[in-house]
Amino acid sequence: MPKITFYPLGNADSVLLDLAGGEKVLFDFGDEHNADDKSDLRIDLTQAIRDNLADAQKDLIDVVAFTHLDRDHICGATALFWLNHAAKYQGADRIRIDEMWVPAASIVDDACEDEAKILQAEARHRLKVGKGIRVFSRPDVLKDWLGKQGLTVSDRSNCIVDAGTLVPTFSLAKHGVEFFVHSPFGHRLNVTEVVERNRDSIVVQATFEVQGEQTKVMLGSDVKWDHLQDIVAITKAHGRESRLDWDVFKLPHHCSYLSLAEEKGTDKTIPVEEIAWLYETNGNAGGIIVSTSWPIPLAGDDVQPPHRQAANYYKRIAGRKFIVTMEHPSSGNPKPLVIMIDHTKARVEGALAGGVSSVTSQSTPRAG
Amino acid sequence: MTLEEVLAAHGPVVAPESLVAEKARRVAVAIREIAALEAILVDARERDGTSALVVDVEASIGQKPRNDIRSRERLLVAFDAADRSWPAVYALRAGFPTTVPHLNVAAPGLPPSLCLSVQPYAEVQRDWSPAYYIRLMRHWLEATARGDLHRPDQPVEPFLLEAAGTLIVPHRLVEEPANTSYRWAARQVGEKLYQVVPENEAPKSGADLAFMSQIAPPREHVIATVPQNIAALAALVNADGFDLVRSIKEQVRAWQAARLWNPIPTLLLQVPVTRTAGGPVERYEVRAFALAPSVVELGVRLGIIDRTVPAGALIGTEGNDGSGAALEVFNVHATLSRETAAIFNGESPATLSYVAIGAGALGSQLLMNLTRGGAPPSDVLDKDRLLPHNVARHLLLSDALGALKAEAVAHTLSSVVDDALPVRGSVADVLTSAADAVLSEAQLILDMSASVAVARRLAVDAPGAARRISLFLNPAGSDLVLLAEDVARTARLDHLEVQYYWSVSNEPALRGHLKADDGIRYGGGCRDVSGRIRQTTLAVHAGNGAAAFRRAASDPAASAFVWQLDELTGTVARAQLETRPMRAASVAQWTVFMSTALLDEVASRRAGKLPNETGGVLIGALDMQRQIAYLVGSVPAPSDSREWPTGYIRGSSGLRKAVTELCARVGGNLQYVGEWHSHPDGATTEPSEDDAIAYAWLAEALIAEGRPPIMLIVGAHDVRCIIHPAQGALALVA
């Protein structure tokens, strides 16, 4: 049975998709917990991922997608994963990545620093070799960079996934899941001009199918309202409303009002029209909205997300569940949010679901 | 009953700590203290030996549940203060589904009652914890939401705690509509326990039930509520001109006419259940009701009998809708069908049709195993009668002494499952043509006759294309043997048998297999099982044999196995035997079958000695009656043999001892049957002058014994088989 795990990481992202056939697809790796701070309630993501693989007796992750290279999406990744491009990232206890998914920017932009720079080196290495990578990009965007490596777009076309298509790695028939790419995308200004939009961020819709019943999951990266609005408009223009359908929605940017509209609002953010349509009209009954963030503040006006005004919008959408990762099941003791997908679509797994076996499926805390 | 009334019926709200039932107290405390239980205590109530908790239980429910279960359900959990039984669990939400599986059929007016477990209550005490109960309730809710609480192989048996009694009904009534011309009656088989039988099998008098059966119009759901009176029941099932009340009234008049006043009037209702409106009937839900304490009382309640008038007088029948006639419900159990017996045994319910020969110790017990697993034989053939010594190891008991085994075993097998077609018993002797009619009709023949003569007749002479499968014990009873022909019968039973002997003579693991202990002999054959054999050992073989027969029957290929029981440890080892088809040749009046293994062996020995000739003696079996020779093996050239490129003299050093020992190992079932030698490359297999002299020597010795002299000449490309006076040629198998 497919399963989605959202880890409680504060304002950072990591979503693990366990496919029906045992494949694992990890979206982002933002391990910002502080091991020295005993009061830090964020999960030790590195350990959680190690435990998850150990429980499944796997030593690699089939796909790791870095939706973009901001710190809260990659923190700690270069310490955990085996990287092909340099021997110093190749210890015996590192976890191999069969296939890496990155947006165009992680290849072509030169502004990366720290871990982002290391992951960029890995992405570039894999693209150069032509194995174990998918770059989410309009092919033209990569032309110059590939040219400098003595390569053409057609040399690497099997590594490039454009918006409006399915990621070829998985299929409904074989894996029970398919990924439709919304972003990065091009925006057509007129007949001849296409402007590159949001090339630094991957947005996909995953469609799972169990016994003929489909469940759709939007993985929204950190896109701002104007990009989300464009995604809705372009997808509608292509008559692909079903690609905006959702049962589980990972909110962009930790419940930031900026993913709904330019104006925060005093008590509640009012989304722009296309985004209101996306959440209110196009989601399915019983849909689950997940804010990967710190608990929602009850009052005040923090600059940083989560914004209570945005949360107030999501909470009040009729027929949808709103769950905050750092509040699940309680803000005093957050645990990974597990969403099971079966022939009754998505459902939130209860705290006791694993029973005593949950003890043996993870490492014990350190004993003195 | 309204929700308020249901709650009030469980007494006033009390402090959870003051509840009488310890388990109720512990669950209440656990819910309050352990957030991970994901349940909320609403209140606690106490009344008359029942401690109740009202609890909101959280469950993981998908967006699109198959049944309308919500992610938070309010349940009332009523604990027996004396802790004698499972708590009763009621779902309090209005609109909670009432047509899902595993609801107890609740008393009238009560909310739906969840059947949490079929485990006996005493068995769960060792595992009990407050979390255990919460987990069970959550499991019920989550599995019902997914629609998979009810496993497909689980029969629907709504169970009622307070029932008028229990009614055992023929399984046919659940699977097909009752033949309306077929009348049913009930007979009492225990306290408040009745069995529905065809009317002609019911006792003529003294029945406590007056019985009527009806087929209701089809509907799409099971009836999960309990109608409180006849009018309510009629409202549930009446449709398309079906008028239950009128039918009951007519039946009361008929009972009156038959002077049945006092029996409990009982209605058996068959409700066809379809998946969709107007769709095909998938099964029949069978419900039974006690309509009143007596027929007279029913008549009074329906307004058609007036007590003030002498019995039998009827008054107006119109205008009474039955709402004054309270109902009681019977628990209904279906009899065991062949299919359900198979399912309970974890076997495929597909029909296996076979004729069984031999109802002795092994046969009778093995057939019972097969029959309990839903695979009874169509016929049992055996010509013996049951004698006292049989009972030590037989399905039948001493009350059947003197009975024909076939008939008594067939009768016993027929009473395992409620099958329309009983097992037939026949005393026809398989050694004569008396049984040929049965055999030629058979789809599969299972031979457990413990007789080589029977097996041979089945293999060679008996009619019918059905494959034969033989099961028998070795003389000591320690080993079970299976010989199964392939579907096309290319590996015939007699071929499997002689090759089995050869394996026994050769395989170190099978040493001693055919060596008999000193038994109490009643017969002569090596398969006779009247020796000192433990019933416990026989039971092991009867179990193994029944399973092996099913496996063999489901595999079109031939198979042959020996199971050896070590009685000291109970370990059973299995040896697989040769099943390759034998090569046939007709020579004069004789048919000669040669095993592939033998042909391989002589070819390889010839090749190993080239350019010299070589040879040895042939081991096999002879069927003088049918003029069949089976050649299965050889003893290699003794050390004093002499071999040249142009000739071969078979020596004799140690040969007699070797052959004697070999034949003894197989209980005399194999013997010396002739000689073989090779011709070099470039030579034909035509006998040379020397060969003719050698053959004459052989013929002289064997003809005197009344046996055919057999000589094989093995060349590069063919094998020649000579039986005086004719000659024949066989293709050599490379």
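Bear in mind these aren't lab numbers, they're just calculated from the coordinates by the rules spelled out. As the structure is a computational prediction, the values presented were derived from the model and not from experiment. Cβ: placed from backbone, ideal geometry, glycine included. Neighbour counts: every protein chain shown.
Just a few scattered comments:
- Looking at chain B alone, DSSP beta bridges between its own residues are antiparallel in about 70 percent of cases.
- Averaged over peptide B:62-74, the number of partner chain Cβ atoms lying within 10 Å of each residue's Cβ comes to 4.
- The order of the peptides B:452-464, A:172-184 by mean Cβ neighbours within 10 Å, most packed first, is A:172-184, B:452-464.
- Across the range A:174-187, coupling constants 3J(HN,Hα) worked out from phi with the 6.51/-1.76/1.60 Karplus curve, θ = phi - 60°, read 9, 10, x, 8, 9, 10, 9, 8, 9, 8, x, 9, x, 10 Hz, and Gly and Pro carry x.
- You can think of it this way: the chain between B:Leu397 and B:Val124 has 94.4 nm of extra reach, that is 0.36 nm per residue less the Cα-Cα gap.
- A viscosity of 0.890 mPa s and a temperature of 25 °C, combined with the Kirkwood radius over C-alpha pairs in the Stokes-Einstein formula, give the range B:1-96 a diffusion coefficient of 177 µm²/s.
- Checking every one of the trypsin sites (Lys or Arg not before Pro) in the range B:576-676 against DSSP loop status and a limit of 15 other Cβ atoms within 10 Å picks out B:Arg626.
- Rg and Dmax of the range A:110-247, Cα atoms only, in Å: 16.1, 48
- Other protein chain C-beta atoms within 10 Å of residue C-beta, averaged over A:334-344: 3.
- For B:Phe96, residues with placed amide H under 5 Å, excluding near neighbours: none
- Between B:Phe242 and A:Ala285, the FRET efficiency estimated from the beta carbon spacing at R0 = 41 angstrom works out to 0.60.
- Separation of the alpha carbons by more than 26 angstrom is noted, of A:Lys264/B:Lys64; A:Lys88/A:Lys131; A:Lys315/B:Lys64; B:Lys23/B:Lys192; A:Lys24/A:Lys131, for A:Lys264/B:Lys64; B:Lys23/B:Lys192.
- Dimensionless Rg ratio for the range B:102-149, taking C-alpha atoms and the 2.2 N^0.38 Å reference: 1.26
- Calculated over the range A:237-284, the projected area of the Cα convex hull averaged across directions stands at 4.0 nm².
- Checking the cross-link pairs A:Lys3/A:Lys128; A:Lys3/A:Lys224; A:Lys174/A:Lys216; B:Lys383/B:Lys515; A:Lys3/A:Lys58; A:Lys38/A:Lys250 against a 25 Å limit on the alpha carbon distance flags A:Lys3/A:Lys128; A:Lys3/A:Lys224; B:Lys383/B:Lys515; A:Lys38/A:Lys250 as lying beyond it.
- Ordering A:Leu146, B:Val452, A:Leu127 by Cα displacement along the dipole of the protein assembly as shown toward the positive end leaves B:Val452 in first place; charges were set at the Cβ atoms of Lys, Arg (+1) and Asp, Glu (-1).
- Inter-site label distance for B:Asp83 and B:Asp640 at 7 Å from Cα along Cβ, in nm: 8.9 nm
- Local electrostatic count, B:Val427, Cβ distance below 15 Å [Lys/Arg +1, Asp/Glu -1]: -2
- Each of A:Asp37, A:Asp247 has some number of other Cβ atoms within 10 Å of its Cβ, and from fewest to most they run A:Asp37, A:Asp247.
- Computing Rg and the Kirkwood Rh from the Cα coordinates of the range B:538-670 gives a ratio, Rg/Rh, of 1.07.
- Between the range B:647-676 and the range A:301-346, the alpha-carbon center distance in angstrom: 88 Å
- Size of chain B: Rg and Dmax of its alpha carbons, in Å, are 37.0, 120.
- Inter-centroid distance (Cα atoms) of the range A:69-121 relative to the range B:362-388, Å: 73 Å
- On a per residue basis, the convex hull of the C-alpha atoms belonging to the range B:33-141 measures out at 121 Å³.
- Evaluating kT/(6 pi eta Rh) at 25 °C and 0.890 mPa s, with the Kirkwood radius of the range B:378-481 over Cα pairs in the Stokes-Einstein relation, gives 166 µm² s⁻¹.
- B:Asp486 long-range amide H proximity, modeled H, under 5 Å: B:Ala491, B:Ala558
- Distance distribution P(r), chain A, all Cα-Cα pairs, bin width 10 angstrom from 0: 5, 24, 35, 26, 9, 1, 0 percent.
- Using alpha carbons only: equivalent-ellipsoid semi-axes of the range A:216-364, gyration tensor based, whole Å: 28, 21, 12
- Phi angles across the range A:306-323 convert, under the Karplus curve 6.51 cos²θ - 1.76 cosθ + 1.60 with θ = phi - 60°, into 3J(HN,Hα) values of x, 9, 5, 5, 5, 4, 4, 5, 4, 4, 8, 6, 5, x, 10, 9, 10, 10 Hz, Gly and Pro given as x.
- Calculated FRET efficiency, B:Arg72 to B:Glu507, Cβ-Cβ distance, R0 = 56 Å: about 0.25 to the nearest 0.05.
- Amide H to amide H distances under 5 Å link B:Gly165 with B:Asn331, where only residues 5 or more positions off or on other chains count and H is placed in the peptide plane.
- For the range B:13-19, the Karplus equation 6.51 cos²θ - 1.76 cosθ + 1.60, evaluated at θ = phi - 60°, returns couplings of 5, 10, 5, x, 5, 8, 4 Hz by residue, with Gly and Pro reported as x.
- Rounded Å value of the spacing that divides the Cα centres of the range B:246-271 and the range B:465-514: 62 Å
- In terms of overall dimensions, the C-alpha atoms belonging to the protein assembly as shown reach 122, 112, 65 Å along their principal axes, ordered largest to smallest.
- Inter-site label distance for A:Lys58 and A:Met1 at 7 Å from Cα along Cβ, in nm: 1.8 nm
- Dipole of the range B:536-687 [Lys/Arg +1, Asp/Glu -1 at C-beta], most positive-end residue of B:Leu599, B:Val587, B:Thr537: B:Thr537
- Computed magnitude of the charge dipole of chain A (debye, nearest 20; Cβ of K, R +1, Cβ of D, E -1): 600 debye
- Förster radius 25 Å - calculated FRET efficiency between A:Asp36 and A:Asp114, Cβ distance, rounded to 0.05: 0.80
- Cα-centred dipole magnitude for the range A:241-306, charges only on beta-carbon of K, R (+1) and D, E (-1), debye, nearest 20: 240 debye
- Remark: the protein assembly as shown carries a charge dipole of roughly 1260 debye about the Cα centre, counting +1 on each Lys and Arg Cβ and -1 on each Asp and Glu Cβ.
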